[in-house]
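Down below is the structure, laid out as structure tokens.
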């Protein structure tokens with residue numbers, strides 16, 4: 001069975017989340033569900049709840065990874081709740097769980113998740129024209145390492161379409177790297193076998 005793609009949607013919690021944020025996040029959730037991907041969020045309010053609501057209404061699967069240890073803290077639209085009890089450290093778990101990330105606004109908490117995803121080179125797209133802590137980095141990199149570019153998009157539909165493209169490209173790159181590692185290993189093994197055969201031949205003379 002083919003693994004479903006896992007898309008993390010991040011952005012403002014209830015504090016700072018406007019009706020514009022909610023509408024965009026809801027539509028992103030709908031598009032994620034329509035793509036037959038799994039929606040992952042931080043499981044709480046604001047953008048997280050709106051995206052989960054959209055995916056839920058479109059018959060998608062929603063996962064909420066919450067910082068608390070009580071699953072009742074998750075929003076009502078999470079089909080699966082992961083109560084980590086990790087506090088803010090759960091940002092890294094969110095990032096590592098995702099194949100790709102869609103950013104809808106956000107403050108310092110969202111920026112923390114973006115940094116975690118950036119360090120692990122997760123594909124990311126961000127909705128443009130929303131005032132947020134991420135805005136200065138859209139269509140650019142977080143730092144000099146240039147790990148992964150945060151691609152700007154204008155609509156929820158473009159966000160999901162683009163993240164799926166980036167996920168596919170990323171997975172091809174990973175497979176290519178794995179093939180290169182295997183080829184290098186086989187060359188080393190072949191060379192070692194040749195040296196051992198030559199040594200055995202020399203010793204028998």
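Observations on the structure shown:
- In the set (1) over 22 Å from residue 166 (Cα atoms); (2) at pLDDT below 95; (3) touching a strand residue (DSSP E or B) at 6+ places or on another chain (Cβ under 7 Å), residue 15 fails one condition alone, (3).
- The set of residues from the range 136-154 being touching a strand residue (DSSP E or B) at 6+ places or on another chain (Cβ under 8 Å) and not in a strand (DSSP E or B) comprises 137, 138, 139, 141, 142, 148, 149, 154.
- Selection of the range 1-13 for residues being within 13 Å of residue 100 (Cβ to Cβ) and in a strand (DSSP E or B) yields 6, 7, 8, 9, 10.
- Residues that are within 28 Å of residue 140 (Cα to Cα) and surrounded by fewer than 21 Cβ atoms within 10 Å (Cβ to Cβ) do not occur anywhere in the range 36-43.
- Enumeration of residues in the range 135-153 that are surrounded by fewer than 18 Cβ atoms within 10 Å (Cβ to Cβ) and within 12 Å of residue 103 (Cα to Cα): 135
- For the condition closer than 23 Å to residue 153 by Cβ, surrounded by fewer than 18 Cβ atoms within 10 Å (Cβ to Cβ) and without any contact (Cβ under 8 Å) to a residue 60 or more places away in the chain, residue 19 qualifies.
- Test for residue 70: is it touching a strand residue (DSSP E or B) at 6+ places or on another chain (Cβ under 9 Å), surrounded by 16 or more Cβ atoms within 10 Å (Cβ to Cβ), at pLDDT 95 or above and over 13 Å from residue 13 (Cβ atoms): no
- Residue in the range 33-52 that is over 21 Å from residue 122 (Cα atoms) and free of Cβ contacts under 8 Å to residues at least 12 places away in the same chain present: no
- Note on the range 123-134: residues that are out of contact with any helix residue (DSSP H, G or I) (no Cβ under 6 Å at 6 or more places or on another chain), surrounded by fewer than 19 Cβ atoms within 10 Å (Cβ to Cβ) and at pLDDT below 95 amount to 2.
- Residue within the range 92-102 that is in contact (Cβ under 8 Å) with a residue 12 or more places away in the chain, part of a loop (DSSP other than H, G, I, E, B) and surrounded by fewer than 21 Cβ atoms within 10 Å (Cβ to Cβ) present: no
The values are calculated or read from the model by the stated rules, or taken from the named source; none is laboratory data. Note that this is a predicted model, so its numbers are computed, not measured. All Cβ positions, even for glycine, are placed from backbone atoms using ideal geometry, and neighbour counts span all protein chains on display.
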